[in-house]
Amino acid sequence: MNERYDPSEVELKWQAIWERDDTFRTPEGDDLPKRYVLDMFPYPSGAGLHVGHPEGYTASDIVARYLRCKGYAVLHPMGFDAFGLPAEQHAIKTGTHPAVTTQQNIETFRRQLKRLGFSYDWSREVDTTDPGYVRWTQWIFLRLFERGLAYQDEVQVNWCAALGTVLANEEVIDGRSERGGHPVQRIPLRQWVLRITQYADRLLDGLDHIDWPNSTKTMQREWIGRSVGAEVRFAVEGADDVIEVFTTRPDTLFGATFMVLAPEHALVAEVTTDAQRGAVEAYVTAASFKSDLDRQQSKQKTGVFTGGYATNPVNGARVPIWIADYVLAGYGTGAIMAVPAHDTRDFEFATQYGIPIIEVVSATGAASAEPLTEAMTEPGKAVNSGAYDGLETQAFKERITADLEAAGNGKRRVEYKLRDWVFSRQRYWGEPFPIYFPVTTDGDPRQGAAFTIHHDEPIAVPDEELPLRLPDLEDYEPGDDPAGVLARVMDWRFFQKDGRWYARETNTMPQWAGSCWYYLRFMDPHNEQDPWSPEAAKRWLPVDLYVGGSEHSVLHLLYARFWHMVLYDAGLTAEVTEPFARLVHQGMILGEIEYTAYRKAGELVSAEHVKKTDEGFVDTRDGAAVEAERVAPEAIKKKGSAFVLEADEGVVLTSRAPKMSKSLGNVVNPDDIIARFGADALRTYEMFMGPLEATKPWNTDNIQGVRRFLDRLWAVGTKTPSEDAPADALLRLTHKTIQKVGDDIEAMRFNTAISAMMVLNNELNALDAPPRASVETLVQLVHPFAPHIAEELWERLGHTRSVQAEPWPEVDPALTVDDVIEVPVQVNGKVRGRLTLARGADEATAIAAAEADEGIAAHLAGKAVVKRIWVQDKILTIVVKG
RNA sequence: GGCCGAGUGGCGGAAUGGCAGACGCGGCGGAUUCAAAAUCCGCUGUCCGCAAGGGCGUGCCGGUUCGAGUCCGGCCUCGGCUACCA
């Protein structure tokens, strides 16, 4: 017997060898077929890797290693998405330059990733904050700018004057800043915006041709939110103004009993009568202090009558105009025709303010006898609609849209929920925009001379001057200028050229910028002439497998697709329209399962009486507050379908796995796990936990089981093997295992692949001298999962080159099935016996054998056989009666 | 409210419409040991039974089928995402 398995010794040894031999360098040339296997690169936070990271990374690493063995040239790179707020906030607190913090964090991440034995080609590492990378991010921005896809606009932002900063929606609570509780107002601020809406239809259509999870495609479709309807023009009474509305239900035009403008709508002041002006202005001001979030969360609808009226173009009816914040300025035209009978929101509003409700669609084609009690939003037949009565909804929509168009009162219109993408941030730690503006000044603005910046004349920094670098700062605190931190850096901001003054853009790009194209840079990361070469694009695009969390289902994946399409239009993507051909999301890893008991004033309360509310836990019987208390697993037993306290069986507990979080103190650190069990055990355990896509609870006891598997594998691999061919049964098991593991890797069912390997391992472990052929096959199969132990055993089995360089074991299909099989026999749906038959035996043989079987015959005795169903090599079913 | 997903032993989980519970954890028993850890072997859904054997079992109700964890319809519970988009 050889020495014990010491993971850290084996793992560090092989990591050094891989590094020395450059084992995972991407092959040059294009003689091998290619596969591009990509992970979503991490943000290198100060906390280091958590156990969620290695889950997706291990999955892709298994596929990458497997594909190399299958004869593919594999591109499997890693990098860092390193711009972002935490480093900037750290800088504000400590004065440390974000670049310094970022580099430290990257080093930690890189070390941790290497310690897990991932087969990345580290020579291709990218860091989005590296000026050599920023240069090309800026270069791509300029391509967008040239194409008219990047423009400036006044966008409503959450401005907090007290903090001197623009806040994200999540940072605003009840109209006040999350930090400090200062008032926050919606103000328009000049921003860079990307015209993603121009690509809405292509982004939608492209989804039909990619192998992505359905849920993700659905989310993107809903995010884009294409809806077809009509634009309808309502003339304002007593003025020349026209209010345009967008509606998906032009067939309900006869039921429009009021109109609503968003408080920000341009015509609000125009239509308001003097009598109503005070109330309207107060409402508009109040609305400007509410965030989108607040508006949506308030349950009750509010609004004010403007005093003005418009005319319904189809019947000349007089329609009162209201303003209300349930109508969003940013969608459609910012104005609606309200049809309370057939829209839930309008119904609610009309009911509240006593506005008439006119039914214009009914299921039967006859108007209802009773007043409606809720909005009827289903299609049906038109009523109360003049000449259109009786028309089906769909036909009505088409007819009236055509009629409106003919009369000049409207037209067909397509709307999207998707907004253009606000692409600037008032922060320091991001890519500066390679844009500057002419300045009018009577002196040197850096010395305090007055200046005017002509933002309407943006000028691109020439490509050859990129990258435009960030200035170094002493102080990263946001200032009182909404234009951003960089606006204070006068020496950087202003410069003279040909005797004229210019000012740089002081906004920076959002974190998404770098992650929108990193998969392209990986193809050709050291190219100094171009962001990547046409040859590289032709060789590697598209990404064949992209693995990452479903939290990026919409934004990152939509933005990256958008940029890719723009770059496609620029002729840079080798005619590949979609960047990520196949996408897989790894599931979340939760903390260990916890059991919770509840106490009210010290007394235990059974869980069925406890309900979680926003304030905490309460007793549903009297509404009293209840405390949650964690219970150790030893103090628990199962009773029926519930868990109860062993000491008091009347007390029902709840069991659930909470998310890992610092505040719960249940975060598992991969470094600790590697120290105790080894990287191979961690990798294999994370794959063994369950299906890759599923949310799964962590359980440290279970990793011990995987470690035992590796210990036994070590025992098998270090025994002196037999040079004889495997016995028939073992040979067949070996081939079945090759088949299963290969199939499972391709379908990314790693948990069942591991269990198949465990079965073979257990068989081999029972032998004193396991046959070499089977042992070597097992080591090869294990290699993508637990590469270090596999390399070590492969070497000990007498091989001199890396197991990664070996071709994947061949399956003999004839050996993946047995000659003699056991076939169950059912009588009336219950298994009553089993037959041992030659594979391929016919029905007559099976029936004869079944009837000869004593146990089965007993169930047939005295009964009439109604039917026999013989499924070849699977099952024999006999249906009897009587 | 909407969308997506999931409910199977004490636990994580297996099962192209064809033997439910593979594999692993935990538990119980045994071997080894002076003893323990580690390791190895056996048992382990549940109920009845000394046993042979049998009954019941995949959240609930119903359906399709010779046969349903799997397909269909209706619920319940949990999780994630999203939320007045006219």
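The values are calculated or read from the model by the stated rules, or taken from the named source; none is laboratory data. Keep in mind the model is a prediction, meaning the values are calculated, not measured. Cβ atoms come from the backbone with ideal geometry, glycine included; neighbour counts cover every protein chain shown.
Within the range A:687-705, residues that are among the charged types (D, E, K, R) reach partners that are near RNA strand B (Cβ under 6 Å from one of its atoms) with beta carbons closer than 8 Å, at six or more positions or on different chains, in the pairs A:K696/A:M689; A:K696/A:G690. Restricting attention to the range A:828-849, which residues are near RNA strand B (Cβ under 9 Å from one of its atoms) and either over 14 Å from A:R868 (Cβ atoms) or buried (at least 17 other Cβ atoms within 10 Å of the Cβ) (or both)? Passing the criteria: A:K830, A:V831, A:R832, A:G833, A:R834. Return the residue satisfying two criteria in turn: it lies in the range A:339-357 and is crowded, with 20+ Cβ neighbours inside 10 Å and either of a type in the set (F, W, Y) or more than 8 Å from RNA strand B (Cβ to nearest atom) (or both), and of such residues it is nearest to A:E392 (Cα to Cα). Checking each candidate, the answer is A:H342.
The residue that is farthest from the chain's Cα centre (by Cα), counting only those in the range A:742-779 that are of a type in the set (G, A, S) and near RNA strand B (Cβ under 10 Å from one of its atoms), is A:A766. Among residues that are assigned to a helix (DSSP H, G or I), surrounded by fewer than 16 Cβ atoms within 10 Å (Cβ to Cβ), at pLDDT 95 or above and of a type outside the set (F, W, Y), A:D743 is included.
With respect to the conditions (1) more than 16 Å from A:D61 (Cα to Cα); (2) more than 16 Å from RNA strand B (Cβ to nearest atom), A:D819 lacks only one, and its number is (2).
For A:Y43, are the conditions met, namely being under 13 Å from A:Y120 (Cα atoms) and within 34 Å of the chain's Cα centre (by Cα)? Taking the combined requirement at face value, the residue does not satisfy it.
Scanning the range A:405-414 finds one or more residues that are more than 14 Å from RNA strand B (Cβ to nearest atom) and surrounded by 18 or more Cβ atoms within 10 Å (Cβ to Cβ).
Taken as a whole, the structure places A:L557 among residues that are under 16 Å from the mean Cα position of the chain (by Cα), within 16 Å of RNA strand B (Cβ to nearest atom) and within 22 Å of A:G430 (Cβ to Cβ).
Among the residues of the range A:311-334, those that are in a strand (DSSP E or B) and within 15 Å of RNA strand B (Cβ to nearest atom) comprise A:V319, A:I321, A:W322, A:I323, A:A324.
Using the structure shown, decide if A:V610 is farther than 30 Å from A:V782 by Cβ, at pLDDT below 80, crowded, with 18+ Cβ neighbours inside 10 Å and out of contact with any Lys or Arg (no Cβ under 8 Å at 6 or more places or on another chain).
Values: farther than 30 Å from A:V782 by Cβ: yes; at pLDDT below 80: yes; crowded, with 18+ Cβ neighbours inside 10 Å: yes; out of contact with any Lys or Arg (no Cβ under 8 Å at 6 or more places or on another chain): yes.
When the stated conditions are applied, A:V610 passes them.
Do we have A:T306 as free of Cβ contacts under 8 Å to residues at least 60 places away in the same chain and buried (at least 21 other Cβ atoms within 10 Å of the Cβ) here? When the stated conditions are applied, A:T306 passes them.
Any residue that is within 16 Å of RNA strand B (Cβ to nearest atom) and surrounded by fewer than 20 Cβ atoms within 10 Å (Cβ to Cβ) - is there at least one of those in the range A:362-372? Scanning the range A:362-372 turns up no residue that is within 16 Å of RNA strand B (Cβ to nearest atom) and surrounded by fewer than 20 Cβ atoms within 10 Å (Cβ to Cβ). Confirm whether A:G332 is closer than 30 Å to A:A279 by Cα and surrounded by 15 or more Cβ atoms within 10 Å (Cβ to Cβ). For A:G332, the condition - closer than 30 Å to A:A279 by Cα and surrounded by 15 or more Cβ atoms within 10 Å (Cβ to Cβ) - is met. The helices (runs of 4 or more DSSP H) falling completely within the range A:202-310 that include 2 or more residues that are at pLDDT 90 or above, within 15 Å of RNA strand B (Cβ to nearest atom) and under 30 Å from A:V576 (Cβ atoms) map to A:214-224.
Has the range A:415-426 got any residue that is among the small types (G, A, S), in a loop (DSSP other than H, G, I, E, B) and buried (at least 22 other Cβ atoms within 10 Å of the Cβ)?
yes
A quick yes/no check of all residues on (1) in a loop (DSSP other than H, G, I, E, B); (2) within 11 Å of RNA strand B (Cβ to nearest atom):
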| position | (1), (2) |
| --- | --- |
| A:A647 | yes, no |
| A:G650 | yes, no |
| A:D671 | no, no |
| A:I674 | no, no |
| A:T684 | no, yes |
| A:P691 | yes, yes |
| A:V706 | no, yes |
| A:L710 | no, yes |
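Scan the range A:646-676 for residues that are in contact with a Ser or Thr (Cβ under 9 Å, 6 or more places away or on another chain) and in contact (Cβ under 8 Å) with a residue 40 or more places away in the chain and the total you get is 13. Could you say whether any residue in the range A:32-42 is under 21 Å from A:D680 (Cα atoms), part of a helix (DSSP H, G or I) and assigned by TED's automatic domain parsing to the domain that holds A:C516? No, there is no match, as no residue in the range A:32-42 is under 21 Å from A:D680 (Cα atoms), part of a helix (DSSP H, G or I) and assigned by TED's automatic domain parsing to the domain that holds A:C516. Against the list (1) of a type in the set (K, R); (2) within 13 Å of RNA strand B (Cβ to nearest atom); (3) not in a strand (DSSP E or B), the condition A:K637 fails is (3). For the range A:541-598, the set of residues classified as in contact with a Leu (Cβ under 6 Å, 6 or more places away or on another chain), in a loop (DSSP other than H, G, I, E, B) and surrounded by 22 or more Cβ atoms within 10 Å (Cβ to Cβ) consists of A:T573, A:Q586, listed by residue number. The numbered conditions (1) at pLDDT 95 or above; (2) over 19 Å from A:V134 (Cβ atoms) are all true for A:R488 except (1).
Residue-wise test of (1) of a type in the set (S, T, Y); (2) farther than 30 Å from A:W714 by Cα; (3) surrounded by 17 or more Cβ atoms within 10 Å (Cβ to Cβ).
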| site | (1), (2), (3) |
| --- | --- |
| A:D21 | no, no, no |
| A:P42 | no, yes, yes |
| A:Y57 | yes, no, yes |
| A:R68 | no, no, yes |
| A:H97 | no, yes, yes |
| A:K114 | no, no, no |
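When the residues of the range A:707-740 are narrowed to those that are under 30 Å from A:E594 (Cα atoms) and free of Cβ contacts under 8 Å to residues at least 40 places away in the same chain, which ends up surrounded by the fewest Cβ atoms within 10 Å (Cβ to Cβ)? Here the residue is A:R708.
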